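Quick one: the structure is below, questions incoming.
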Amino acid sequence: MLCNLQRYATHDGPGIRTVVFLKGCSLSCRWCQNPESCSRSLDLLYDERLCLSGCQRCTRDTTCFKRENTTGAVLIYRDKLTEPEMRLAADACPSGAISLCGEPAEAEQIMKTVLRDKAFYQRSGGGLTISGGEPFMQPKLVLQLLEMARRENIHTAVESCLHVPWHYIEPSVASVDLWLVDLKHTESDKFLEWTNGQLSLIQHNIRRLGEQGANIVFRVPIIPDFNDDEATLRDIVRLAAEHYSQFGGSGEIHFLPYHTYGMHKYHLLGREYLCARQPLERPELLVFAEQQATDCGLTAILRG
Ligand code: SF4
C-alpha cells in the first residue's frame with residue numbers, strides 16, 4: 001500500500017530523488033509527523049475548514065457520516081468506517097474536505113513514475129529513496145522496487161527505523177546503496193515508553209547491516225522530553241561513532257530538530273497528538289550535538 005510519492009526531493013539522500021512513502025509502521029513514536037503513514041490500511045482525513053456543511057453529500061450513501069442537528073457539522077463514526085464507505089464519502093465530497101490516504105500499488109506502476117525523472121537522477125547524483133512509515137513492513141514490494149532500480153542503474157536509498165525482523169531486511173541489503181537509519185535513543189525503557197518498540201531489535205539489525213558492509217547514515221530526531229538532554233545526545237553520538245569505527249561507513253550523523261508541521265494531520269485523522277506542541281525550546285542543544293559529533297570524528301549535518 002502506497003502512502004504517497006514525492007518527486008524532486010532533495011533531503012532524503014544525495015541529489016534529486018523520488019521518494020516512495022509506503023504505508024505501515026511497527027513503531028508508534030509520539031512525535032510522528034506523518035501519522036497518515038502509520039497504518040497499513042486506507043485512512044480518511046476530514047478537514048472541516050473545507051467542508052460546505054450544507055451539502056451533506058457524504059451522509060447520503062453511508063452510515064458513518066451524520067449531520068449534527070444543531071450546527072449542521074459533519075460527524076464521523078470512525079470506529080465503524082469501512083473502506084467502501086470511505087471511498088463513497090470521498091467520491092461524494094465536492095470540496096475536498098474528505099480525502100483518502102493509501103493506494104494499492106504494484107512495483108511496476110510505482111517504477112513508471114520513478115523512471116520519469118531518470119535524467120535528473122543522472123545529472124544530480126540522485127535516485128530512488130524508499131521511505132514510510134517503515135518500508136520493511138512491505139518487504140516484498142521494497143525488494144521489487146530496489147531490484148528494478150538496480151536494473152536501471154538508479155541509485156537507491158532506504159529510510160528505515162529497522163524495527164522489523166532481520167529476515168524482512170536481509171534480501172534487500174545487496175540492492176541498497178545508502179541506508180538512512182534513525183538513532184532515537186540508547187535506553188530501552190525510554191524507547192519503549194515513547195515508541196512502543198524494542199530497541200534491542202533495532203540494535204541487532206544495525207549490527208547485522210554493519211557486518212554486511214552497508215553504507216549507513218545515522219539520523220537523530222531531537223524530541224522534547226524524550227532525548228533533548230546532553231547525556232542522551234552524547235550516548236547517541238557515541239553509539240554512532242562506535243558503529244563507524246567498527247564497521248566503517250559514511251561517518252555522517254544528521255540531527256533533525258523537532259517540529260510540529262505535521263501536527264494538524266492528527267486532527268484530520270481524528271486522532272490525539274501526544275507530543276509537545278512547541279518546537280524545540282533549547283536550540284543550543286543542536287550546537288552541543290554537533291560539537292559532540294565533531295569531537296568523535298563524525299561529520300555532523302543539521303537538517304532544518
Ligand atoms: S460532502 Fe464534503 S463538503 Fe459536503 S458536507 Fe460532507 S464533508 Fe462537507
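Please treat every number below as a calculation from the coordinates, not as lab data. Remember, it's a predicted structure, so these values are computed and weren't measured experimentally. Cβ coordinates were reconstructed from backbone atoms using ideal geometry, including for glycine residues, and neighbour counts include every protein chain displayed.
Could you give the angle, 0 to 90 degrees to the nearest 10, between helix 83-92's Cα long axis and the longest principal axis of the Cα atoms of the chain?
For 83-92 against the chain, the angle is about 70 degrees.
Quick check: the angle from helix 284-295's long axis to the longest principal axis of the chain, C-alpha only, nearest 10 degrees?
Here the helix axis deviates by roughly 30 degrees.
Please work out the C-alpha center-to-center distance from region 216-255 to region 1-32 and express it in whole Å.
21 Å
Still on this structure, please answer the following. Which of Ser160, Ser26, Ser39 has the fewest other C-beta atoms within 10 Å, and how do the rest follow up to the most?
Arranged by neighbour count, lowest to highest, Ser160, Ser26, Ser39 become Ser39, Ser26, Ser160.
Quick one: if the Förster radius is 22 Å, what FRET efficiency do Asp61 and Ser41 give, using the C-beta to C-beta distance and rounding to 0.05?
Result of the calculation: an efficiency of 0.60.
So what are the three principal axis dimensions of region 43-101 from its Cα atoms, in whole Å, longest to shortest?
Computed over the Cα atoms, the extents are 28, 20, 16 Å.
Further question on the same structure: Under 5 Å between amide H atoms, partner at least 5 residues away or on a different chain: which partners does Tyr258 have, H built in plane at 1.01 Å?
HN-HN under 5 Å from Tyr258: Ile222, Leu280.
Taking the Cβ of Thr156 as the center, what net charge do the other residues with Cβ under 15 Å away carry, scoring Lys and Arg +1 and Asp and Glu -1?
Its environment carries a net charge of -2.
I would also like to ask the following. Rounding to the nearest 10 and keeping the result within 0 to 90°, find how far the Cα-based axis of helix 139-151 lies from the longest principal axis of the chain.
It works out to around 60 degrees.
Enumerate the calculated ³J(HN,Hα) couplings along region 66-81 in order (Karplus 6.51 cos²θ - 1.76 cosθ + 1.60, θ = phi - 60°), each rounded to whole Hz, writing x wherever the residue is Gly or Pro.
9, 8, 7, 4, 7, 9, x, 5, 8, 9, 10, 9, 5, 5, 9, 5
Measuring from label point to label point, each 7 Å out along Cα→Cβ, what is the Arg271 to Glu147 span in nm?
3.2 nm
Let me ask you something else. Tell me, Ile130, Ile223 in order of fewest to most beta-carbon neighbours within 10 Å?
Ile223, Ile130
Amide H neighbours of Glu252 under 5 Å, at least 5 residues apart or on other chains, H built in the peptide plane: list them.
For Glu252, the qualifying residues are Phe218, Thr299.
List, largest first, the extents of the alpha carbons of the chain along their principal axes, each in whole Å.
Sorted largest first, the three principal extents are 65, 45, 34 Å.
Would you mind calculating the gained length between Tyr77 and Ser99 on full extension (0.36 nm times residue separation, minus the Cα-Cα distance), in nm to one decimal?
Value of the extension gain: 6.4 nm.
Compute the distance in nm between two label points, each set 7 Å from the Cα along the Cα-to-Cβ direction, one at Ala9 and one at Asp225.
2.9 nm
For each of Phe218, Phe288, count neighbouring Cβ atoms within 10 Å of the residue's Cβ, then give the residues from fewest to most.
The fewest-first ordering by Cβ neighbours comes to Phe288, Phe218.
Hey, can you grab everything whose amide H is under 5 Å from the amide H of Asn196? Only 5+ residues off in sequence or another chain; H modelled, so Pro and N-termini drop out.
Answer set, sorted by chain and number: Ser28.
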